[in-house]
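**Q** Encoded as structure tokens, here's the structure I'll be asking about.
The values are calculated or read from the model by the stated rules, or taken from the named source; none is laboratory data. Every value quoted in this text rests on a predicted model; they were computed, and no experiment measured them. We place every Cβ from the backbone using ideal geometry, glycine too, and count neighbours over all the protein chains shown. Accessible surface areas use protein heavy atoms only, side chains included; no ligands, DNA or RNA. Shrake-Rupley method; radii C 1.70, N 1.55, O 1.52, S 1.80 Å.
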Amino acid sequence: MERKIILTLFLIFGLYYVFFFDAIPVSWQMVFKLIPMILLIILALRSHGEKSYKSIIIGGLIFCAIGDYTLQWFIVGLCSFLIGHLFYITAFSKTNNRQTPVSAKVVLIIYGLSMMLWLASTILRTGDAVLTIAVCAYIIVILLMGWTSFRTASSFAIIGAFLFIASDSVLAINRFITDIPYAHILIMATYYGAQLFIALSIVQYAALRNKMLQ
């Protein structure tokens, strides 16, 4: 019952922020942005799961929530999200329930190289080498998160990781390459979806692990 209430509140506040962002007073926008993440952290804390995996995922959620706030200072927010992804990578890597399919590796490598070349060549024209390096490092880390998500054998973890890649891809293209119609909706809908599925993977991974141990 408690989980259903938290999930319902998450959907209400998340959808409100995604679709009615312009109606929120500027002074309250950050509050409404963070409420869904706070609810997911509470959901994760209240979830029954394998202790180590759960703790590391919660760490990732917390750093991503910090990133939500600090993204107004782009490099600081980027670093916060990067740390959050490192938490997720650590959690996924510790599971080792299955190998990452070769097809997924090939897709991630090709996609990652393409995005790095595209973004780096554009950002370098501004002369900002530090930002270029930071963005390339971030791309490597988030793709590694997608890579390691397969090790959990949790469909929720995999969906969450790839939604995160989609969200950050839209954000990067919209910020550095060209304006994307409905960018806010695309970025935040996939972002909240990613975090939701990663949080839900705590329970799913525990069920998969218990099944394997039986």
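**Q** Provide, in order from the shortest bin, the percent of all Cα-Cα pairs of the chain in each 5 Å bin, continuing until the bin that contains the maximum pair distance.
**A** 1, 7, 14, 20, 20, 16, 12, 6, 3, 1, 0, 0
**Q** For the cross-link pairs LYS105/LYS211; LYS54/LYS105; LYS94/LYS211; LYS33/LYS54; LYS33/LYS94; LYS33/LYS105, which exceed 21 Å when the distance is taken from alpha carbon to alpha carbon?
**A** LYS105/LYS211; LYS54/LYS105; LYS33/LYS54; LYS33/LYS94; LYS33/LYS105
**Q** At 25 °C and 0.890 mPa s, grab the translational diffusion coefficient of segment 53-144 from Stokes-Einstein with a Kirkwood Rh over Cα pairs, rounded to a whole number in µm² per second.
**A** Details: Rh = 14.4 Å.
The diffusion coefficient I find is 171 µm²/s.
**Q** I would also like to ask the following. Rounded to whole Å, give me the distance from the Cα center of segment 5-76 to that of segment 162-194.
**A** Their Cα centres are 16 Å away from one another.
**Q** Return the Rg/Rh ratio of segment 25-65 with Cα-based radii and a Kirkwood Rh.
**A** Over the Cα atoms of segment 25-65, Rg/Rh equals 1.11.
**Q** Turning to a different aspect of this structure: What part of the accessible area of the chain, given as a whole %, is carbon or sulfur when the probe is 1.4 angstrom?
**A** 71 percent
**Q** Out of residues 5 or more away from GLU50 or on other chains, whose amide H comes under 5 Å of its own, with H placed 1.01 Å from N in the peptide plane?
**A** ALA206
**Q** Ordering ASP68, ASP128, ASP168, ASP22 by accessible area with a probe of 1.4 Å, largest first, what comes out? Can you show the working numbers first?
**A** Numbers: ASP68 5, ASP128 60, ASP168 30, ASP22 145 Å².
Ranked list, largest accessible area first: ASP22, ASP128, ASP168, ASP68.
**Q** May I pose another question? Where in the chain are the DSSP H helices whose alpha-carbon span along the long axis reaches 27 Å or more and whose Kyte-Doolittle mean is at least 0.0?
**A** 26-46, 51-70, 74-95, 102-124, 129-149, 183-213
**Q** Rolling a 1.4 Å sphere over the protein heavy atoms, what is the accessible area per residue of the chain, to the nearest Å²?
**A** Result: 51 Å² per residue.
**Q** Sorted by accessible area with a 1.4 angstrom probe, largest first, how do MET116, MET212 fall? Don't skip to the answer; put the middle values down first.
**A** Working: MET116 40, MET212 115 Å².
Solvent-accessible surface, decreasing: MET212, MET116.
**Q** Using only the alpha carbons of segment 136-214, what is the convex hull's orientation-averaged projected area in square nanometres?
**A** Its average projected convex-hull area is 5.3 nm².
**Q** Another question, then. Taking 37 °C and 0.692 mPa s as the conditions, I'd like the Stokes-Einstein D for segment 12-99 in µm²/s, using the Kirkwood hydrodynamic radius from alpha carbon pairs.
**A** Translational D for this selection: 232 µm²/s.
**Q** Also, quick follow-up: Which loop-located trypsin sites (Lys or Arg not before Pro) does segment 62-156 contain, where loop means any DSSP state but H, G, I, E or B and the Cβ has at most 15 other Cβ atoms within 10 Å?
**A** ARG98, ARG125
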